[in-house]
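These notes concern the structure reproduced below.
Just so it is clear, none of the values below were taken in a lab; they were calculated from the coordinates. No experiment lies behind these values; they were computed from the predicted model shown. Using ideal geometry, Cβ is built from the backbone for each residue, glycine included, and neighbour counts are taken over all protein chains shown.
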Amino acid sequence: MENISILAQLIIAASIIIVWVFRYDNIVLEFKQYGISDLVRNGVGASKIALATTLALGVAYDVPVVAASLCMAFLMICAQACHVKVKNPLKKYVPSALLLLLCLFVAAFNYGLI
């Protein structure tokens, strides 16, 4: 089970880095669609990258993985709310929903619930 949690942490971290670094143009368009300011978008991006880094480091170091995964889960819930707000098609909900589930799994495992 520990290996699955480590894999989940790495999937979350890689996904966030890919989207917020290499696909940033898409993020800019989405946040405009949601009506969210550039300042908030950049704050969300910095937070997600910091949390993703914490989750990746958590594989080898003693860092607050539970807190990082729960904060990331909160941001994924916010992403779901934004998709609902603008009535996006279902396929737009899937990535953040899957990452939300992975974050909750990582938090539960590292807290000792699983």
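Observations on the structure shown:
- Screening V94, V65, V19 for residues that are loosely packed, with under 13 Cβ neighbours inside 10 Å and under 15 Å from the mean Cα position of the chain (by Cα) leaves exactly one candidate, V94.
- Any pair with Cβ under 6 angstrom, 6 or more apart, that starts in the range 36-58 at a residue that is under 11 Å from S69 (Cα atoms) and ends at one that is assigned to a loop (DSSP other than H, G, I, E, B): T54/V63
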